[in-house]
Amino acid sequence: MNSPRPPSVDALARSLSENSPLPQPLLVDAAREAIASSATGSGSDDHTDFVAVASAIATHQEASLLQPVINATGVLLHTNLGRAPWPISHPTGYSNLEFDLSQGERGSRQQTVGRLFARLCETERAMVVNNGAAAMLLVLAALASGRGVAVGRGELVEIGGGFRVPEVMSQSGAKLVEVGTTNRTRLSDYQAALTRPSADIALCLKVHQSNYTISGFTESVEVSEMSTLGVPVVYDIGSGLLDARCPWLADEPPQWLAGEPAARQSLEAGADLVVFSGDKLLGGPQAGIICGRSDLIERCARHPLARALRPGGHVLGALQEVALAYLRRDGQSIPFWAMATKPVSELRARAEAIASVALDQVVVDQVAGVQVSEVQVAEMFSVPGGGTLPGVEIPSAGIVLEGDRGEELRSHRLVARVSQDQTFLDFRTIFPYQDEDVSNAVLGLK
Ligand SMILES: *Cc1c(COP(=O)(O)O)cnc(C)c1O
């Protein structure tokens, strides 16, 4: 059998350019890869095989570019899909990122947004870094490098993506001093560590067990008790719930929030610093926020790592929008809270509208459309996700399709949940403006 003679890279790349929006250098790469991988060909002398392989490579490459997707998984804070949805848009132009417009002098990028968060948490000061992990790293490096940090053994948390409290601790130069046991830690355990001179405790750290629960014979120490120990108490609350009373919602706080630590109440209870993520329950862009005592935040701000971990202007601009929405008590303008509080009846109505279009299509064309029995509207459960609120389920509604339709739907940039040979489209995480695309994706199923 003769291998087909490969086409020239340029000719192959040119033929791809008719159907692919990728820039020429990437099409050339796809063509090269296709030719290299098809070294042993089918024996035919035309180039259709090469074109097919190269365009599959180009399509794969195109799909890997960062782009909007429809999240039909019902996981509100889907870490693979960027956690909380928040638009970052910016016209071309400058901003007063580090310029004081009223004085005409150099300003601080931390000041304005920091002040808004301090106001929201009713505390002295706040600063913003790149993410929650960076906030922890900075706090530990600035306040405890070379010294001991007491942490309850039940709080040596690992968050997805490799954030492990002991490892962040060692990177910061602080020494982990474990106190208590996995299931039980008492105030006297912290006191014992504090009286050991060799432990040299600079601060006590409390870490919220964001993504797991320990149940049964358990005991842990509240922030209010820890605040009597005589050293600063830092509380990593993780998810960024600002206020347990949720004054930005028209109704009472949702049931599923019960027990989640909130920044404001933790500070009121005596935490000296509270740190949290921007893109979990806060509902904003990826960021880490440190709130609390001014003198401690000053030490963080002066530490050389602060420069390395600082956020860009786009993120600060987006975070400012979030903070202003909270101050206006306008939770409905924060996409996470709007989604999280949508009544099931509304979600069901949207799912029914799409299912009925599918039904009409079947009537019009029995062959092309999906079968009506394969499109069902059903109640289902969303989850907060993002390593927050383990075990919590939020009643929801959506469409159930028979079989695993995940791959077909992904070709429409729609990510669904597949379980036990059924495909679930949860409308809680689908924005109403996306319904038409969802409908097209469902109608396009073979
Ligand atoms: C999520 C989380 C972090 C990490 O925050 P990122 O913003 O993901 O870096 C740290 N601590 C706790 C308790 C968390 O829940």
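Which sequence of TYR94, TYR326, TYR433, TYR212 reflects their accessible areas, 1.4 Å probe, from the largest down?
Numbers: TYR94 230, TYR326 10, TYR433 170, TYR212 60 Å².
Largest accessible area first, the residues go TYR94, TYR433, TYR212, TYR326.
What is the range 9-64's relative contact order, in percent, from Cα pairs under 8 angstrom and six or more apart in sequence? Walk me through the numbers on the way to the answer.
Numbers: 46 pairs, mean separation 24.3, N = 56.
RCO, the range 9-64: 43 percent.
Give me the mean projected area, in nm² to one decimal, of the convex hull enclosing the Cα positions of the range 99-333. Walk me through the intermediate numbers first.
Values: hull surface 52.6 nm².
With every direction weighted equally, the projected area is 13.1 nm².
Net charge around TRP86, counting only other residues with Cβ within less than 10 Å of its Cβ (Lys, Arg = +1; Asp, Glu = -1)?
-1
Where does the charge balance sit around GLY107 when Lys and Arg score +1, Asp and Glu -1, over other residues with C-beta under 15 Å from its C-beta? Mind showing how you got there, number by number?
Working: positive: ARG106, ARG109, ARG115, ARG310; negative: GLU98, ASP100, GLU105.
Cβ neighbours under 15 Å give a net charge of +1.
Once R0 is set to 45 Å, what does the formula 1/(1 + (r/R0)^6) return for the Cβ-Cβ distance between ASP295 and ARG410, expressed as a FRET efficiency to the nearest 0.05? Can you show the working numbers first?
Working: r = 51 Å, r/R0 = 1.13.
Efficiency at R0 = 45 Å is approximately 0.35.
How far is helix 48-64 tilted, in degrees, relative to the longest principal axis of the Cα atoms in the chain, given as a value from 0 to 90 rounded to the nearest 10?
Relative to the chain, helix 48-64 is tipped by roughly 20 degrees.
Which of VAL151, LEU267, SER198 sits closest to the plus end of the dipole of the range 99-333, meaning its Cα is farthest towards the positive end, when Lys and Arg get +1 and Asp and Glu get -1 on the C-beta?
With unit charges placed on the Cβ atoms, the residue in question is SER198.
Under unit Cβ charges (Lys, Arg +1; Asp, Glu -1), what dipole magnitude, rounded to 20 debye, does the chain have relative to its Cα centre? Show your work: numbers first, answer last.
Working: 36 positive and 50 negative charges, 335 e Å.
Roughly 1620 debye for the chain.
Starting from the Kirkwood Rh over alpha-carbon pairs, what translational D in µm² s⁻¹ does the range 298-446 have by Stokes-Einstein at 10 °C and 1.306 mPa s? Numbers along the way, then the final one.
On the way: Rh = 17.9 Å.
D = 89 µm²/s.
Quick one: Karplus J couplings for the range 266-271, per residue in order, coefficients 6.51, -1.76, 1.60, θ = phi - 60°, nearest Hz, x for Gly and Pro?
Values per residue, Gly and Pro as x: 5, 5, 4, 6, x, 5 Hz.
Given a 1.4 Å probe and the protein chains all in place, what does the accessible area of LYS175 round to, in Å² to the nearest 10?
The accessible area of LYS175 comes to roughly 90 Å².
Relative contact order, percent, of the chain when contacts are C-alpha pairs under 8 Å separated by at least 6 residues?
On the way: 841 pairs, mean separation 80.8, N = 446.
Once normalised by length, the contact order is 18 percent.
For SER198 and THR79 in one chain, what is 0.36 nm times their gap in residues minus the Cα-Cα distance, to one decimal in nm? List each step's numbers first, then the result.
Details: separation 119, 0.36 × 119 = 42.84 nm, distance 4.03 nm.
Answer, rounded to one decimal: 38.8 nm.
What do you get for the angle between helix 24-37 and the principal long axis of the chain? Use alpha-carbon atoms, 0 to 90 degrees, nearest ten.
70
Using the Cβ atoms and a cut-off under 15 Å, what net charge is assigned to the surroundings of PRO343, where Lys and Arg are +1 and Asp and Glu are -1? Mind dumping the intermediate values first?
On the way: positive: LYS342, ARG348, ARG350, ARG428; negative: ASP251, GLU252, GLU346, GLU352, GLU379, ASP426.
Value of the local net charge: -2.
For the chain, state the average projected area of the convex hull of the C-alpha atoms over all orientations, rounded to one decimal in nm².
28.7
What full-extension length gain, to one decimal in nm, is calculated for SER95 and ALA11 as 0.36 nm per residue of separation minus the Cα-Cα distance? Don't skip to the answer; put the middle values down first.
Values: separation 84, 0.36 × 84 = 30.24 nm, distance 4.59 nm.
Residue separation times 0.36 nm, minus the Cα-Cα distance, leaves 25.7 nm.
Relative to the longest principal axis of the chain, what angle (0 to 90°, nearest 10) does the C-alpha long axis of helix 313-327 take?
70
For LEU327 and TYR433 in the same chain, what is the full-extension length gain: residue separation times 0.36 nm, less their Cα-Cα distance, in nm?
Additional length available on full extension: 35.5 nm.
With labels modelled as points extended 7 Å from the Cα through the Cβ direction, what inter-label distance (nm, one decimal) is found for THR48 paired with GLN24?
3.0
For ASP46, what accessible area in Å² do you get when you roll a 1.4 Å probe over the heavy atoms of the protein chains, rounding to the nearest 10?
80
Can you pull the percent of the chain's accessible area that's carbon plus sulfur, 1.4 Å probe, other chains left in place? Walk me through the numbers on the way to the answer.
Details: 10970 of 21780 Å².
Within the chain, the accessible surface is 50 percent carbon and sulfur.
At a threshold of 8 angstrom on Cα-Cα distance, excluding pairs fewer than six apart, so keeping six or more, what relative contact order does the range 120-237 reach in percent? Each step should come with its number before you reach the end.
Working: 183 pairs, mean separation 31.7, N = 118.
Normalised by residue count, the contact order of the range 120-237 is 27 percent.
Using the charge dipole of the chain (Lys, Arg: +1 at Cβ; Asp, Glu: -1 at Cβ; taken about the Cα centre), state which of ASN183, PRO68, TYR235 has its Cα farthest towards the positive end.
With unit charges placed on the Cβ atoms, the residue in question is TYR235.
Quick check on the range 78-126: take the gyration tensor over C-alpha atoms, sort the square-rooted eigenvalues as a ≥ b ≥ c, and tell me if it's rounded (a/c under 1.5), prolate or oblate.
Details: a/c = 3.45, a/b = 1.30, b/c = 2.65.
Taking the square roots of the gyration eigenvalues as a ≥ b ≥ c, the range 78-126 is oblate.
Please get the size of the charge dipole for the range 300-446, origin at its Cα centre, with Cβ charges of +1 on Lys and Arg and -1 on Asp and Glu, quoted in debye to the nearest 20. The partial results should precede the final answer.
Numbers: 14 positive and 18 negative charges, 233 e Å.
It comes to approximately 1120 debye.
Given N residues in the range 9-64, what is Rg(Cα) / (2.2 N^0.38 Å)?
Numbers: Rg = 10.5 Å, N = 56, 2.2 N^0.38 = 10.2 Å.
Computed over Cα atoms of the range 9-64, the ratio equals 1.03.
The values are calculated or read from the model by the stated rules, or taken from the named source; none is laboratory data. The structure displayed is predicted, hence computed values, not measured ones. As a convention, Cβ positions derive from the backbone with ideal geometry for all residues, glycine included, and neighbour counts pool all protein chains shown. To get the accessible areas, we keep the full protein, side chains included, count just its heavy atoms, and leave off ligands, DNA and RNA. Shrake-Rupley method; radii C 1.70, N 1.55, O 1.52, S 1.80 Å.
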